[in-house]
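Engineer: To start, I am sharing the structure in question, which I have written as C-alpha cells.
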Amino acid sequence: MNHYYFPILMTIGGGVLYHVGQKAIPPTVHPFAAVIVAYSIGILVCVAGLFFDPAGRSFATSFKAMNWAVVGVGLGAVIIEIGFLLAYRHGWNINAASVVCNISVALLLIPIGLLAFKEHLSIRSAAGIGCCLIGLYLLSKK
C-alpha cells in the first residue's frame, strides 16, 4: 500500500469505528465514565505500540521531549469525546455531526495554518473551502 495514503485510511477507519461507537453508547452511561474506559483501552494499545518503534525511541526520551502541545491534544481529545457523545444524545445524526464538526474545524484552522505555520492556500483549496461552506450551510439546517 502507498505509504502516503495509509495514515489517512487508518484515520478514516478509526473515525468510522469512533462515531459508530459513540452513537451506540447507551444513554445510561455517564459521559466521563465512557471516556475513562475508552481512554484506558487506548492507553493499553499505546503501551503495546511503544514496543514497535523502528527508531528505537524510549518512553522516557519521548516524555522529556514533550511540550505544551501534548497537553493541548489531551484536553482537545476529551472535549471532542464529550462533545460528540452529547451531540448524539441530543439528536444529531451520525451522518451530519461529524461532517459539520470536521468542516467547521477545518475552516477555523485555515487562518492558523496560514499565519502560524506559513502554509499556502491554492486556488483549488479555496474552491474546496467554498464547497465546504455550502455543505456546512446545507447540513447544519435543521
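Engineer: Is there any pair linking a residue in the range 46-61 that is under 21 Å from Gly74 (Cα atoms) and in contact (Cβ under 8 Å) with a residue 60 or more places away in the chain to one that is of a type outside the set (A, V, I, L, M) and part of a helix (DSSP H, G or I), with Cβ under 8 Å and at least six apart or on different chains, and which?
Structural biologist: none
Engineer: A further question on this structure: Regarding Gly91, is this residue within 20 Å of Pro26 (Cβ to Cβ) and small (Gly, Ala, Ser)?
Structural biologist: yes
Engineer: In addition: What is the number of the single condition among (1) at pLDDT below 95; (2) in contact with a Pro (Cβ under 7 Å, 6 or more places away or on another chain); (3) β-branched (Val, Ile, Thr) that Ile82 does not meet?
Structural biologist: (1)
Engineer: Determine whether Ile110 is free of Cβ contacts under 8 Å to residues at least 24 places away in the same chain and surrounded by 11 or more Cβ atoms within 10 Å (Cβ to Cβ).
Structural biologist: The answer is yes for Ile110.
Engineer: Please pick out the residue among Ala77, Ala55, Ala24 that is hydrophobic (A, V, I, L, M, F, W, C), at pLDDT 95 or above and more than 17 Å from the chain's Cα centre (by Cα). Before the answer, list the steps.
Structural biologist: Values: Ala77 fails: more than 17 Å from the chain's Cα centre (by Cα); Ala55 fails: at pLDDT 95 or above.
The conditions single out Ala24.
Engineer: Can you confirm whether the range 93-103 contains a residue that is surrounded by 12 or more Cβ atoms within 10 Å (Cβ to Cβ) and in a loop (DSSP other than H, G, I, E, B)?
Structural biologist: Yes, some residue in the range 93-103 is surrounded by 12 or more Cβ atoms within 10 Å (Cβ to Cβ) and in a loop (DSSP other than H, G, I, E, B).
Engineer: Could I ask something else about it? Evaluate the following for Leu108: is it over 20 Å from the mean Cα position of the chain (by Cα) and farther than 27 Å from Pro26 by Cα?
Structural biologist: When the stated conditions are applied, Leu108 does not pass them.
Engineer: Could you check how many residues of the range 1-21 are surrounded by 11 or more Cβ atoms within 10 Å (Cβ to Cβ) and within 15 Å of Val99 (Cα to Cα)?
Structural biologist: Residues in the range 1-21 being surrounded by 11 or more Cβ atoms within 10 Å (Cβ to Cβ) and within 15 Å of Val99 (Cα to Cα): 6 in total.
The values are calculated or read from the model by the stated rules, or taken from the named source; none is laboratory data. Remember, it's a predicted structure, so these values are computed and weren't measured experimentally. Neighbour counts are summed over all protein chains in view; Cβ atoms, including those assigned to glycine, are modelled from backbone coordinates with ideal geometry.
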